[in-house]
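The values are calculated or read from the model by the stated rules, or taken from the named source; none is laboratory data. Model, not experiment: these values are computed from the prediction. Please note: Cβ atoms are built from the backbone with ideal geometry, for glycine as well, and neighbour counts cover all protein chains shown. Protein only, heavy atoms only, side chains kept; ligands, DNA and RNA dropped before computing areas. Shrake-Rupley method; radii C 1.70, N 1.55, O 1.52, S 1.80 Å.
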Amino acid sequence: MKKIFFAITMMLLGLTGTSAQDSNIFTHLGVGIGVGTPGIGIDLSTNVTDYVGVRAGVNIMPQFKYSTDVDIKNNTQLQQNYNDWVQAYPTLHPGGELPSATIPSKVDVEGKLKLTTGHILFDVYPGKSIDWHLTVGAYFGGSKIVNVYTKDDNQLADIAQYNTYVMGQGQQEYKIGAQLGDYFLEPDARGHIDADIKVAGFRPYVGIGYGRAVPKNHTLGFQVDLGVQFWGTPKVYCQGDELTKDNLEGNDGGFMKTLTKITVYPVLNFRLVGKLF
């Protein structure tokens, strides 16, 4: 994917370079500030020719937390196996505190969104005086976009003990955990779940928009962009280990469940740019 987008970019630059003799080449520098789905953007921009502009900068996404709940994997066989373990618990752990007799139906989790990125974008204009443009380029940043974790480990403490027991019995198929979309999240020995959703660190971008990377005839200009980042198939990690899909189809998880399924990130960005010279 990277090679394809670099090839497209170089081809577009080559096509526009034929008009370089009568164009303004690297004659202006602009500084811009933007806001949109990539976050709050700050960048520098210049005109490669009258037909191509380039922007490079950073997009800062304020980190916020999102609380929701997710289903706990359960069925008749799992419930029966869990009930047998509860009944045998006094024998297995003499004097120990008895576990809960029921499997919780849901567990509360919290998610942190991490979408701060850098970008380099090429705006290609069909004419010297036309502000509509095609944009190709890339966003890049850390691969981890969401961290999901349990807020109260006590909710799954008994489940963690039960999982340890069935693992010792060679009955891995009877383990119990949370369901995030198609993925099974198993708690650690303390009952804690810590999962990450990761995508590609390099995310090619294609879009259309209006406005110049650097204003031609004014000191201040406005730009709007609409497009998509291609960030690949999200991968889910739990306690540091990559998971495979188990086709669990949990009903909850909100936008965090959605993020495990989408391969592109929509971009709508509004940018105010000032010409330095």
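Each residue in the stretch 205-239 was checked for being over 28 Å from PHE277 (Cβ atoms), in contact with a Gly (Cβ under 8 Å, 6 or more places away or on another chain) and not hydrophobic (A, V, I, L, M, F, W, C), and 1 of them qualify. Here the stretch 132-152 is the region considered, the condition is being out of contact with any helix residue (DSSP H, G or I) (no Cβ under 8 Å at 6 or more places or on another chain) and among the polar types (S, T, N, Q), and the residue that is farthest from GLY207 (Cα to Cα) is ASN147. Among the residues of the stretch 170-185, those identified as open to solvent by less than 10 Å² (accessible area, probe 1.4 Å) and over 30 Å from TYR205 (Cα atoms) are ILE176, GLY177, ALA178, LEU185. Residues in the stretch 109-131 that are surrounded by fewer than 16 Cβ atoms within 10 Å (Cβ to Cβ) and in contact with a helix residue (DSSP H, G or I) (Cβ under 7 Å, 6 or more places away or on another chain): there are none.
How about the stretch 52-67: which of its residues are surrounded by fewer than 17 Cβ atoms within 10 Å (Cβ to Cβ) and in contact (Cβ under 8 Å) with a residue 60 or more places away in the chain? Within the stretch 52-67, ALA56, VAL58, TYR66, SER67 meet the criteria.
Which condition from (1) hydrophobic (A, V, I, L, M, F, W, C); (2) in a loop (DSSP other than H, G, I, E, B); (3) within 25 Å of TYR265 (Cβ to Cβ) is the one that VAL148 breaks? Tallying (1) hydrophobic (A, V, I, L, M, F, W, C); (2) in a loop (DSSP other than H, G, I, E, B); (3) within 25 Å of TYR265 (Cβ to Cβ), VAL148 fails exactly one: (2).
Entry remark, the stretch 142-169: residues being open to solvent by less than 60 Å² (accessible area, probe 1.4 Å) and closer than 30 Å to THR116 by Cβ number 9 in total.
Of the residues making up the stretch 168-182, not a single one is within 30 Å of PRO215 (Cβ to Cβ), of a type outside the set (Asp, Glu) and in contact (Cβ under 8 Å) with a residue 60 or more places away in the chain.
Quick check, is ILE193 open to solvent by less than 10 Å² (accessible area, probe 1.4 Å) and either modelled with pLDDT under 95 or touching a Leu at 6+ places or on another chain (Cβ under 8 Å) (or both)? Yes: the conditions hold for ILE193. Of all the residues in the stretch 40-91, those that are closer than 28 Å to ASN147 by Cα and either modelled with pLDDT of 95 or more or charged (D, E, K, R) (or both) number 13. When the stretch 209-231 is filtered for residues that are under 22 Å from the mean Cα position of the chain (by Cα), open to solvent by 30 Å² or more (accessible area, probe 1.4 Å) and in contact (Cβ under 8 Å) with a residue 40 or more places away in the chain, the ones remaining, listed by number, are LEU226, PHE230.
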